[in-house]
Amino acid sequence: MRSSNPVFSRRGFSRDNGTAGFNAAPQAGGPAVGTAQGNPYAQGAPANPYATNPYATNPYAPQDTQYGAPQAPVRGNVMTMDDVVARTGITLGLVVAGATVAWVMNVGLGLAIGAALVAMVLGLVQSFKQKPVPALILAYAAFEGIFLGALSNYVNTYVADGAPMQAVLGTMAVFVTMLFLYKTRIIRVTQRFTRYLMIAAISFIVLTSVNLLFMVFGGGDGLGFRSGWMGVIFGVVGVLLGAFFLAMDFKQVEDGVAYGAPREESWMAAFGLTLTLVWIYLEMLRLVSILSGDD
């Protein structure tokens, strides 16, 4: 499954026609896959996952009890779920730290917009790099945190008291809900799911951009997508899109772990998850502000 997340789509996190993007033999106990072709990380996976294990001359070599296929040898220096959790914790922790500093120091919106632009540039640079650069990812998290902290402080002071905390709780609820729905396979990330999500996301971004242009050149609230009942509908759609992108992020992390992505890719996984959670928080903050009745 090819990812629509701009971070993951340039990586090896994909599984097309049953073959992982890294095309590596799965880790021991992982799902069996087909032939490995052209993969710099592969160790020469067997053409038939149920054929005799070419790595073991011992007829009593360990077998995969779940799929009945010989276990592939476990490779070192590969991404694990612990790696992803640790890197994501570090990245999100830096976002929270930056937001706290901006809130306490009462950073103005002018500096906040500047921090947002820097974060956007850093994010784009990392997204188009072939390998993750932890320094870029952490710098992005710090500047994004400053922007979120200053914006949240402004909203809490002048728009809706308590809205940031409600937005944080809402974002956490969305994350936990989507993780449950994905793990229980109630939501399955398929090619059709990806195609429809991309169409919806592009439409959402286009409408948001058009509304912003009307606001800049026409004044007022533009087309009304950011206030009133239209704003509520737009906010709900934005949160749902972010939630569905979370499911795709979970899929890419799962594939990366199962198919032996290099350990450094855990930084890209953390980066992608952070991008999506920031999206959800911003949409949730706007939605809560509108529903508070103080907008």
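The values are calculated or read from the model by the stated rules, or taken from the named source; none is laboratory data. What you see is a predicted model; the values in this text were computed from it and never measured. With ideal geometry, Cβ positions are generated from the backbone for all residues, glycine too; neighbour counts draw on all protein chains shown.
Observations on the model:
- Condition check for residue 154: over 16 Å from residue 288 (Cβ atoms), in contact with a helix residue (DSSP H, G or I) (Cβ under 8 Å, 6 or more places away or on another chain) and touching a residue at least 24 places away in the same chain (Cβ under 8 Å): no
- Whichever residue in the stretch 143-194 is small (Gly, Ala, Ser) and crowded, with 20+ Cβ neighbours inside 10 Å and, among such residues, is modelled with the lowest pLDDT: 160
- Qualifying positions in the stretch 110-136 - surrounded by fewer than 14 Cβ atoms within 10 Å (Cβ to Cβ), of a type in the set (A, V, I, L, M) and under 26 Å from residue 161 (Cα atoms): 113
- Filter pass, residue 208 being in contact with a Gly (Cβ under 9 Å, 6 or more places away or on another chain), closer than 19 Å to residue 245 by Cα and modelled with pLDDT of 95 or more: no
- Subset of the stretch 250-293 (residues that are acidic (Asp, Glu) and either in contact (Cβ under 8 Å) with a residue 12 or more places away in the chain or under 17 Å from residue 91 (Cα atoms) (or both)): 255, 264, 265, 283
- Cross-chain or 6+ apart pairs with Cβ under 9 Å, the stretch 231-247 first and under 16 Å from residue 194 (Cα atoms), then not in a helix (DSSP H, G or I): 244/187; 244/189; 245/4; 245/5; 247/187; 247/188; 247/189
- Positions within the stretch 239-283 being of a type in the set (Asp, Glu) and in a helix (DSSP H, G or I), in sequence order: 249, 254, 255, 265, 283
- Conditions (1) farther than 25 Å from residue 97 by Cβ; (2) touching a helix residue (DSSP H, G or I) at 6+ places or on another chain (Cβ under 6 Å): number failed by residue 198: (2)
- Residues of the stretch 120-166 satisfying the condition of being in contact with an Asp or Glu (Cβ under 9 Å, 6 or more places away or on another chain) and either under 17 Å from residue 267 (Cβ atoms) or acidic (Asp, Glu) (or both): 122, 123, 131, 132, 134, 161
- Selection status of residue 246, of a type outside the set (S, T, N, Q), within 30 Å of residue 77 (Cα to Cα), surrounded by 20 or more Cβ atoms within 10 Å (Cβ to Cβ) and modelled with pLDDT of 95 or more: yes
- Of the set (1) assigned to a helix (DSSP H, G or I); (2) within 24 Å of residue 78 (Cα to Cα), all apply to residue 286 but (2).
- Any chance residue 254 is within 25 Å of residue 157 (Cβ to Cβ) and charged (D, E, K, R): no
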